[in-house]
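The values are calculated or read from the model by the stated rules, or taken from the named source; none is laboratory data. Source: prediction; values computed, not measured. A quick note on method: Cβ atoms are made from the backbone with ideal geometry, for glycine too, and the neighbour counts reach across all protein chains shown.
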């Protein structure tokens, strides 16, 4: 049986978990810990939790303690000073003594101050800026203000599953687990009990734990929370709900959670006034519409945490585009780049260790890449750890792989879009994207995994010939530069008698893999190809025969070929071939990689005029291609050219 994404070498965990020096005063960035929050006990009984408090983020450990440069006059920038605004001492002690945070990040200073007033908040904030703490602290403070007994440890004894006081919604399981872990750290000196409810985990186990331990703060994905609220036997209710947070609101809408959000709102108490905090990296029209639905129209504040003068990651990070002449050249080019960059980092002590995330558009391609990476390590060709995260792994496997990569000094993570937003992986030096992304925003958010906290990084985009035109349209205006330094990218495997070294190595590795895995990867590549599909057939057939060493391309059924509109192409159509193999040809987490957490979409009901949210939309910073470009199939969500899009691509 072939190993999945976490079955990497047994010594890896020891090599990846070197200690980080403790700092006495720190700027607060979000923490991430390895234990899945849904399996953890409530915070009150945890005695040894402090042992983990310095293990979570190399980025935070090197952050300077300074007053935020863009703090407005009168804004509090020190956590200690929040006591003057009434923040409970137990929360502040958890922050300043247990977490050893002193100075707020600019985002925290801008968001916490107005949120403590109790008004609803719509905040535009990027990931990796400390925004998790920025919404958790006001949320917990409001819960304690409404019921001061929650600040005492004995409150945990009276917690009930049908008396939830705070809810945080997150678009993905991984991000929800991170938030729950951070919340438990904050609640350590109180009696607040934190639970998580996410798709991909056993609902019955979560309910047994929650009914036994109780719950004051529930961190959940929309699909799972809606399922719990719809179930009259779940015992989950929130009649005294004090506050609701929607994190990564744009992502929740992008992956089709409109229906669930509408349904969740219908189950929340209508007569009880609650504070709503909506956080989003971008403010497109559908987020504005969500705010109209969820936020009190005459008692909310828009908090803009992205300064107008700030250079955004996709403007600042060097970006290379490699036009590969065939899909047969993709993995050889990837291996060539990885080996070169690993060697460069080892030879130059001024360079950080090579740490990369490689993104693919399909689950099957992530699985294939993960196996090839593992086989390269087994053969001794690659001497750094590799990991894979995709939707067919269990929740435990995905969490374990994410934690191990997060704590590794060097390594490669092969991933779908599930890690493109909200996940904090420190010190990523390279983001490598294979094939044109589905949307412009997807490219930008993937790229945002590197260069965090103003560190250096670089992006690479490998574009097969059939995707070149769509990629140019999609990414117009971004500072992509052509890069021709990889010899493997331009090889014509039909014109050479002997395959080059990286091509031969790739062929040898592939021949050790299951044929079903290769066939699934083959068919998955047709999912996002809208044009030049006959050319894609020819190219993939060449790859299968010359690059894999197969006598013929993978067989497909007549029905599958008909559905693809490719009956008259060069596909290897065989009557009687089962359609079953094609059921795994997923477009790599097209709707967020939530694996069982999705339902069909819906529409929010409009409220009539006047519209107090119009000004918010005008103030929001948006990514957009240049005004003369429509941005291809993914260039939505922009007005003008105030954010990004000021470059003319040169490829």
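Residues in the range 88-112 that are touching a residue at least 12 places away in the same chain (Cβ under 8 Å) and either under 14 Å from residue 190 (Cβ atoms) or outside any helix (DSSP H, G or I) (or both): how many?
So the count comes out to 15.
For residue 489, the criteria (1) under 14 Å from residue 335 (Cα atoms); (2) out of contact with any strand residue (DSSP E or B) (no Cβ under 6 Å at 6 or more places or on another chain) hold in every case but one, which is (2).
Can you say whether residue 382 is outside any loop (DSSP other than H, G, I, E, B) and touching a helix residue (DSSP H, G or I) at 6+ places or on another chain (Cβ under 6 Å), as far as the supplied structure shows? No; evaluated as a whole, the condition is false for this residue.
Given the structure, is residue 411 closer than 24 Å to residue 351 by Cα and free of Cβ contacts under 8 Å to residues at least 24 places away in the same chain? No; evaluated as a whole, the condition is false for this residue.
Of the listed requirements (1) part of a loop (DSSP other than H, G, I, E, B); (2) surrounded by 24 or more Cβ atoms within 10 Å (Cβ to Cβ), residue 201 misses just one: (2).
Answer yes or no: is there a residue in the range 234-241 that is outside any loop (DSSP other than H, G, I, E, B), touching a strand residue (DSSP E or B) at 6+ places or on another chain (Cβ under 8 Å) and surrounded by fewer than 24 Cβ atoms within 10 Å (Cβ to Cβ).
no
Of all residues assigned to the range 127-146, at least one qualifies as being within 29 Å of residue 213 (Cα to Cα), out of contact with any strand residue (DSSP E or B) (no Cβ under 6 Å at 6 or more places or on another chain) and surrounded by fewer than 20 Cβ atoms within 10 Å (Cβ to Cβ). For residue 384, the criteria (1) touching a strand residue (DSSP E or B) at 6+ places or on another chain (Cβ under 8 Å); (2) crowded, with 24+ Cβ neighbours inside 10 Å; (3) modelled with pLDDT of 95 or more; (4) within 23 Å of residue 512 (Cα to Cα) hold in every case but one, which is (2). Just one of the listed residues (328, 369) is touching a helix residue (DSSP H, G or I) at 6+ places or on another chain (Cβ under 8 Å), in contact (Cβ under 8 Å) with a residue 24 or more places away in the chain and closer than 24 Å to residue 392 by Cα, namely 369. Residue 414 - would you say it is within 20 Å of the chain's Cα centre (by Cα) and in a strand (DSSP E or B)? Considered against the rule, which asks whether it is within 20 Å of the chain's Cα centre (by Cα) and in a strand (DSSP E or B), residue 414 comes out as yes.
This table checks each residue for (1) outside the structural domain of residue 297 (by TED's automatic domain parsing); (2) farther than 30 Å from residue 304 by Cβ; (3) modelled with pLDDT under 75; (4) part of a loop (DSSP other than H, G, I, E, B).
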| residue | (1), (2), (3), (4) |
| --- | --- |
| 552 | yes, yes, no, yes |
| 561 | yes, yes, no, no |
| 578 | yes, yes, yes, yes |
| 598 | yes, yes, yes, yes |
| 601 | yes, no, yes, yes |
